[in-house]
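Please read the structure below before turning to the comments.
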Amino acid sequence: MSEHRAQVEELLAGYRRSREQLASVQRELTSVTASASDADGLVTATVGPRGTLTGLVIKDEAYRRCRPAELADRIVRVTAEATVRALTAAGEVLAPVLPGGTDPQALLLGTADLGAAEVSKPRHALDEDSYEDRSWISR
């Protein structure tokens, strides 16, 4: 076997290993779930790896003890808590395969290549052609 052919075979083998590792990480990521409950155990939310709500359990007692706005608040709070847990777990899955210094949480949130100033800019500052807050009525 020529030296060139050996190099090509080595590169292909490395590529196959990388693809298998990527597939393994992807399988792990898709299986990440997290749950959280309120202090009373009346509301439990379960989310997937990106924080998408996949399950919600509301005990019958919650409807008797909570006003609608309070129940809605509990749902939002436990869903947010479960999302933080899921993102943390997904970050732990990703961390070993990311380049050093890469923040898995920022990558999962889509802000990995953005600076703090870019992330915090209000929408209207990014869209100068927005007419959202302008009056069309002449005075």
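Details
- Residue list for the stretch 10-43, filter: assigned to a loop (DSSP other than H, G, I, E, B) and either surrounded by 11 or more Cβ atoms within 10 Å (Cβ to Cβ) or among the polar types (S, T, N, Q) (or both): SER31, VAL32, THR33, ASP38, ASP40, GLY41, LEU42
Residues checked against (1) closer than 27 Å to GLY110 by Cβ; (2) in contact with a Gly (Cβ under 9 Å, 6 or more places away or on another chain):
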position: GLY14; (1), (2): no, no
position: GLU20; (1), (2): yes, no
position: ALA23; (1), (2): yes, no
position: VAL78; (1), (2): yes, no
position: VAL84; (1), (2): yes, yes
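- In the stretch 109-125, the residues that are among the hydrophobic types (A, V, I, L, M, F, W, C), part of a loop (DSSP other than H, G, I, E, B) and at pLDDT below 70: LEU114
- Only one of the listed residues (THR46, THR54) is within 21 Å of LEU94 (Cβ to Cβ), surrounded by fewer than 16 Cβ atoms within 10 Å (Cβ to Cβ) and either under 16 Å from the mean Cα position of the chain (by Cα) or in contact (Cβ under 8 Å) with a residue 40 or more places away in the chain (or both). That residue is THR54.
- Selection of first residues in the stretch 97-108 that are in a helix (DSSP H, G or I) and of second residues that are at pLDDT 85 or above and small (Gly, Ala, Ser), restricted to Cβ pairs under 7 Å at least 6 apart or on distinct chains, gives the following pairs, ordered by first then second residue: PRO104/GLY91; PRO104/ALA95; GLN105/GLY91; LEU108/ALA90; LEU108/GLY91.
- Boolean, GLU128 is surrounded by fewer than 13 Cβ atoms within 10 Å (Cβ to Cβ), out of contact with any Lys or Arg (no Cβ under 8 Å at 6 or more places or on another chain) and at pLDDT 95 or above: no
- Matching entry among GLU70, GLU81, GLU61, GLU92 (being charged (D, E, K, R), within 21 Å of the chain's Cα centre (by Cα) and modelled with pLDDT of 95 or more): GLU81
- Taking (1) at pLDDT below 85; (2) surrounded by 13 or more Cβ atoms within 10 Å (Cβ to Cβ) in turn, ALA86 satisfies each apart from (1).
The values are calculated or read from the model by the stated rules, or taken from the named source; none is laboratory data. Owing to the predicted nature of the structure, the values given are computational and were not obtained by experimental measurement. No Cβ is skipped: glycine too gets one built from the backbone with ideal geometry, and neighbour counts run over all protein chains shown.
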